Structures are given as structure tokens and as C-alpha cells.
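What follows is calculated from the coordinates using simple rules that are stated; it is not laboratory data. Please read these numbers as outputs of a predicted model, since none were measured by experiment. Quick reminder, even Gly has a Cβ in these numbers, built from the backbone with ideal geometry, and neighbours come from all protein chains shown.
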Amino acid sequence: MATAGRRVAVAGVGYSHVGRNTGLSIDDHMIAATKAALADSGLSVSDIDGITSVGTEPLLDAWLLGIEPVNWWASGMMAPAFSYSATQAIAAIASGFCDTAIALRVIGQQPSSSALVKGAGSNHPMTSMLHRAAGDRQFIVPFGAGSPVQWAGMFTQRYMQQYGATEEDFGNHVVTQRYHASMNDDAIFRDPITMDDYLSARYVSKPLRILDCDYPVDSGSAVIFTTEERARDLAQPVVLVESYALNAIRDLHFEVMSDMVHTAPVQTAKKLWEGTDLTPADVDTAQLYDGFSIIVFQWLEALGFCGDGEAAAFVREGNTRLGGSLPVNTDGGACNVGRRHGANFCIESTRQLRGQSGKRQVEGAEVAVWTNAVGPFAAGAILTKG
Amino acid sequence: MSTSTSATDGTAEAPLPPLPQPDAVTQFFWDGVAEGELRIQRCQSCGHYLHYPKVLCRYCQSDDLAGERVSGRGTLYTWTIAVQPFHPFYVDRIPYIVATVELEEEPGLMFMTQLTDCTEEDLRIGMPVEVTFVELHPELTLPFFRPVQGRT
């Protein structure tokens, strides 16, 4: 390990009751995820002295939960979701700012686009955005653009054209992930699918299909980080942070990036490898953000698991399938477990290194990498069995 | 919801398009559109173009910025076929092609637009395209791009 400061470990992980339109509030999800992570770790609220969140306000959460004093906190707005919370918490502990911090990502499902275009009425939260587009959005929304599926469609198209990849190449990845989900009782989609199922799924922004997209849900995810020293006294097998990185290369405009193939994951991967003596060959399993299938391809290449433009072949040859050289998204990914905005990748990595992944366990897993986001910004970490 | 009402001609309510809200920084762009010119903000100090327009040049930190007419030519960087509408105005307009074009004035100067006067089968990355102004609605004209005539 070449990362500066105190060695940091994962103490506990947990989710709320995740699902479509759960009827639970944002606070309910935050509380449930926090309690689950505390129970997993064996820690109590009084052991926590740091908190960070994307999706809720950490100081309000701390007061609600009874965390006092709060020695460190950070709120993420324009940030790569859970990976921002996690990397901030790791850095805060490494530096001594706090000793035990909880990192949260809490998501309330957004109104569907079909509800939006059908005009859900003047009380619809997005109605005010519909008819006047200000700021940068004046160059986007009038053109019929602005949905993430559209930049994802453009990223995918560019990749296909640049490297000769096909829609079937993305299908291979989607089918593989679903196979992994079939072994995860917590996944929302567990029935295996075939290439025909993939190719008959509807487009949302061609060449992007609905099965290439993560599944919107209400979810709360929590991971508690602490020092290695403390972690050794806790309930769970120790999982250590080997390296971590966060970076941004521009503001949030994916649609005008001048290179849509090599984006923020390139820099994040570089920093991750600079923080360790490990190499891609040492990694036993990778949990790579799959907000859209193309993002997994970008990470496979950025992290050096295969060369530029080789992700399609890498997946086709079965490397990313359980039993292959690098099982990827062994929980089924966010397409199948539902949107956790990065947290599931950290949590599944932790479970794999603890040996707690059940039927989908990667035998002898000692090194895992997990990542989040793409395009303008990205982050991730390499974890090892302690 | 606030769809427009065509009270004068008695037709059913048609959704208004999403309209740009120009401000002091972006007014030049829409003035250009109204005059059939594509104008892009350019730093008068270092010469770099900036899109979307801003109050500061991110290359040299000068605030001496002005909209300048550009050729309206570029190459197709990528595209997607929009098959799902995200605004009531576009419900009856799918499918359409959302595209990002690299303008010829500067490498990496990207412009997001729609393509017109072509089909999906015509498209390939790097193909030359040019601006064309399309009136989508009496209140909205936009700079779309199309394949350069005779060069596809």
C-alpha cells in the first residue's frame, strides 16, 4: 500500500428495504441502512464520529441518529454518488480527522419519464423545468436532449463505431450479469435471460436498450469505515482499503465531452494503481458501475484488465463470468439489484473478501476493485482481505 | 399542465416546445439564430472558443469574450436515436437523432444538436455536416446539422 495516512478498513455494510415505490421516506431509508450497517459491524451509534452522504444532509442525519459529537462530515451534491461518500470517509479516517465514519447513499425514486411527458399536472416536480430552459440547459433541453439515456446512447454508439463493437457485445455483458443475479436472493431480477431476450428488449435511446440501464428504486446504502486497529476488534472479518481515488475532468456535461471513450475512469484508474503495488493481474473480482452497460466496458479498459477497445472480446470470452478470470458484478449489478449509485459495488466487494457471497462467492478472493460513475467524474477503491 | 392553447384556430391543445431562456451571457447565440448565423463564444485574448458560453475563459481566465460567427461546418462525433420522449413537445416527434458535432474551428469544440435531412443508415462518425436552421414552432428555431450536400 502506498496510500498516505492511517490504514482504513470496512467495518460494516447495510441496505434499507430496497424496492420500487416503497412508500418509505428518505429518512426511513437512511435510518434502516445505518442500522443494518451498525448491526453488521457490531458498532453502536456512540462509536461513530464522522458522517457523509449523497442524497441526505449528513448533519441532519447525525442529529436524527444521535451521533454526537460529529468530528467530521461532508455533503455531496455534484459528486459521483456513493463513491464520493466512501472516498471522503476513507480520507477523513486516514488523516485522523475522525476515527469511525459512516458513508451513505440514499435514493428516492424519481418520477418516470412517461409520467412526465403525459403531463402529471402542475404539481409535478419537474413541470417548472419543462418550458423554459435556463443556463447551460438552454443548449440541451430545447433540442430534445438532457436525459442520461441519451448521452449513454451516444457513448455507446461512439464506442461501437470506434472499435467495431456490436449490440451483441453489450448483450453478453447483460446476460452474464443476470446469471450472477440469479445467485443473489437480494436481487430484484433473478430469472436468467438469453441473448434473444436482450436483442428483443426495447431501445430507450438506440443503441441503448432498457436492459442496459440500471433499475430505478428507492434505496438506502451505508458503509461504515474505521481504522484497521479498531476493525480488528469488531464482528466481521477485516477488509482493508488498499487504495482509493476520486477525480473529475470537467463539469457535468457528458453530451459535449470531446472524448466519450476515454473519460474520468482513466484518471481514477491511474490514481488507484499509483496507490498500490498490486497490479490488475492481482485482482480476483471487480465490481464496476453499470448505470449503463457501456460504463462497465470503459472501466474494464481503464483499469487495464484488457486493452483499449478489447472489453467486448474480454466479456465475450467469459472472463467476467463467475468462474472466469475476473468475475465482474457478482451481485448482478445495479441493473439487477436496483440503483444504489455505487454502494452495491463496495458492499459486494466487501462481502466477497469476507467470504460471505454465498452461491456467487469467488473462491479465495483476496483483492477486489470497485468503481462508480463515468464521464466527467469517477471514483473507486481497491480492497483487500485483511 | 401548461400546454399552449391554440384558441384561435380551435385545434386541440398542442404542447409548447421547451424554450431557451437567454441571459446576458447567451443572448448573442440566440440573436445569431434569429439571423441565420451560428455564433460561438470566443475568447478575445487567447482565441479559444467556449461552448457552452461562460463569463470567463477557462483557458486563460480572461473575461474578454464575444460571440463570433463560425462556419457552421464540422464532423459527426457520435449520435443516438431518441425513441423515448422526455418532454411533451417531443412525444409526436420521435424518433429523432440527437448528435454531437465537432466544429471545424477548433479540435474538441463540441456542439450538441439534432441531425436532419438524413436517415440512420446514412450516418458514420467523422462524416462532414453543416448547420441548418429549423423552425420547430413559431417560437422556436434551432441550429440543427445535416450531411454536407454531395459529400455523403
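For the reader, a short list of remarks on this structure follows.
- Against the test of being farther than 24 Å from A:ASN172 by Cα, within 14 Å of chain B (Cβ to nearest Cβ) and surrounded by fewer than 24 Cβ atoms within 10 Å (Cβ to Cβ), the options A:LEU240, A:LEU234, A:LEU252 yield a single qualifying residue, A:LEU252.
- Elements of type strands (runs of 3 or more DSSP E) in the range A:1-109, at least 3 residues being of a type in the set (A, V, I, L, M, F, W, C): A:8-15, A:72-75, A:100-107
- Counted residues, the range B:115-126 - those being within 12 Å of B:THR78 (Cβ to Cβ) and either surrounded by 16 or more Cβ atoms within 10 Å (Cβ to Cβ) or touching a Lys or Arg at 6+ places or on another chain (Cβ under 8 Å) (or both): 3
- Any hit, the range A:260-269, residues being under 20 Å from A:GLU168 (Cα atoms) and in contact (Cβ under 8 Å) with a residue 12 or more places away in the chain: yes
- Selection of first residues in the range A:135-147 that are within 14 Å of B:GLN114 (Cβ to Cβ) and within 7 Å of chain B (Cβ to nearest Cβ) and of second residues that are assigned to a helix (DSSP H, G or I) and not basic (Lys, Arg), restricted to Cβ pairs under 6 Å at least 6 apart or on distinct chains, gives the following pairs, ordered by first then second residue: A:GLY144/B:TYR90.
- Of all residues in the range A:148-194 being over 24 Å from B:TYR52 (Cβ atoms) and among the basic types (Lys, Arg), the one that is nearest to the other protein chains (Cβ to nearest Cβ): A:ARG178
- Candidates are the residues of the range B:77-114 that are closer than 30 Å to B:GLN44 by Cα and in contact (Cβ under 8 Å) with a residue 60 or more places away in the chain; the one that is surrounded by the fewest Cβ atoms within 10 Å (Cβ to Cβ) is B:GLU105.
- Taken over the range A:256-284, the criterion of being in a loop (DSSP other than H, G, I, E, B), of a type in the set (Gly, Ala, Ser) and under 23 Å from B:LEU50 (Cβ atoms) is satisfied by A:SER258 alone.
- Selection from the range B:78-101 of residues that are closer than 22 Å to A:SER258 by Cα and more than 7 Å from chain A (Cβ to nearest Cβ): B:ILE97, B:ALA99, B:VAL101
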